[in-house]
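Each remark here refers to the structure printed beneath this line.
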Amino acid sequence: METTTPDWSSLPDHLLAFIAKRLPTSIDTLRFRAVCGSFRSSIPPPQKTLSPHKGLKLSMPSLPGRRGHLVLAEFTYYEIKPLPSSSNPHQNTNTWLVKCEELNSGKVRFEDPLSRHRLGNLSNKVPESEKLPRYLNLLDYQIKEVAKAYRVEQVYQGKGINRRKPIVFNKAAVSSSFDKIDDGFAIMTIIQGMALVWRNVDKKWTKLDIGFDYFLDIIYHNEKFYALMSSGVAVTVESKSLTVSQVSVPLQIDRFWDWSYLVKSSQGLFLIIKRWQWRVKPIEFKVYKLDEQKCGWVQVMDGLEDSVFFVGDDCSFCLSAKRFPGCKGNSVYFKHGPFEVNDCHPGTDGGIFNLKDSTVGGLSDFPGYSKIFCPRPSWVD
């Protein structure tokens, strides 16, 4: 029985427009328009600004030592992979993970995926063959958005000086209505250990008073803000009403040596705890999953073979090792390790922790699983 390949270019314009309206990101729209001439002519190119609220200027909370104003910065993590080529069937097709900020000019600015270290091409330390590309042709690559990151940046202008660059950074989480023209969106951040929520309806910051604990991390998950406190207690915050509900009992966290990260995945909400007593004990990670029915964190020891956790300054997320070739399953990619690497490459000061056998090392110690960061793939033009 013979089968024929359908002629997708002959789809009617109204059907193409119907499909295009349901594409979730601007990258998906660009890829859709790159299929053929009829696809490209059926819909206009996406707006340069990814969000109607990108670059939002915010008032400064009434806190000691805080002056100037805040600006909301938005970053996107992309997975980039070359499309199959008939002329070069043996081409290396490793996946590349990048973190970038799209500027109003249409250009993009790259940062280290695990930190806030800005990457550039001007350093003499980077060989010409490993410098970042100036452009990517979407006809040649498969580009997929894997995560969003936000932070509030403090901009201060004092007498006699003019500091236009942000000088203080704080991780932020935004509600699901952020990318829509909707007054109901909200922003949550942690400043000086205090959780603050800014709502567009009243355009002001509200401090969440919850006991005497300070906050460690925040995330937006299942249409709610989740916040982790130093006692290990997790709470949810409704973005519109600011109603606070406790969803876990305390978990013993050593506040002197531990770093805590909230990570969401298709399996639920996880808590990744990193313990490192410098010059005393090696780095150790533990993984917990939130059980809201039992109101507690349950340590996870098995079933993470396909999970790859990335924990960083602005965003923590989970990817599938099966869907993201080149990643090490059952592992944590992290920063702030005692590893000496070239500070001009992605993955600066990064490491990998194997959750199965507790082995840990710098990216250079796992050459088969570090190519998602550096060096730049050979297929990048």
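The values are calculated or read from the model by the stated rules, or taken from the named source; none is laboratory data. Keep in mind that what you see is a predicted model, and the values were worked out from it rather than measured. Note: ideal-geometry Cβ built from the backbone for every residue, glycine included; neighbour counts use all protein chains shown.
Table for the structure above
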item	result
Pick from region 82-104, criterion surrounded by fewer than 18 Cβ atoms within 10 Å (Cβ to Cβ), over 18 Å from the mean Cα position of the chain (by Cα) and modelled with pLDDT of 70 or more, ranking: nearest to Gly350 (Cα to Cα)	Asn94
Qualifying residue in region 205-213 (condition: outside any strand (DSSP E or B), modelled with pLDDT of 75 or more and among the hydrophobic types (A, V, I, L, M, F, W, C))	yes
Lone qualifier among Ser248, Ser231, Ser265, Ser241 - being hydroxyl-bearing (Ser, Thr, Tyr), exposed (fewer than 13 other Cβ atoms within 10 Å of the Cβ) and on the phi < 0 side of the Ramachandran plot	Ser241
Pairs with Cβ under 7 Å, 6+ apart, first in region 213-241 and of a type in the set (Phe, Trp, Tyr), second surrounded by fewer than 22 Cβ atoms within 10 Å (Cβ to Cβ) and in a loop (DSSP other than H, G, I, E, B)	Tyr214/Gly193; Tyr214/Ser230; Phe215/Gly193
Failed condition for Ala172, given (1) touching a residue at least 12 places away in the same chain (Cβ under 8 Å); (2) surrounded by fewer than 21 Cβ atoms within 10 Å (Cβ to Cβ); (3) hydrophobic (A, V, I, L, M, F, W, C)	(2)
Residue match in region 68-77 (condition: under 24 Å from Asp313 (Cα atoms) and modelled with pLDDT under 80)	yes
Residue under evaluation Ile352, criteria (1) part of a loop (DSSP other than H, G, I, E, B); (2) in contact with a Lys or Arg (Cβ under 7 Å, 6 or more places away or on another chain); (3) modelled with pLDDT of 80 or more, criterion not met	(1)
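Condition check ((1) modelled with pLDDT of 90 or more; (2) assigned to a loop (DSSP other than H, G, I, E, B); (3) touching a strand residue (DSSP E or B) at 6+ places or on another chain (Cβ under 9 Å)) across all residues:
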{"position": "Ser248", "(1), (2), (3)": "yes, yes, yes"}
{"position": "Ile253", "(1), (2), (3)": "no, yes, yes"}
{"position": "Ile273", "(1), (2), (3)": "yes, no, yes"}
{"position": "Val280", "(1), (2), (3)": "no, yes, no"}
{"position": "Lys286", "(1), (2), (3)": "yes, no, yes"}
{"position": "Val298", "(1), (2), (3)": "yes, no, yes"}
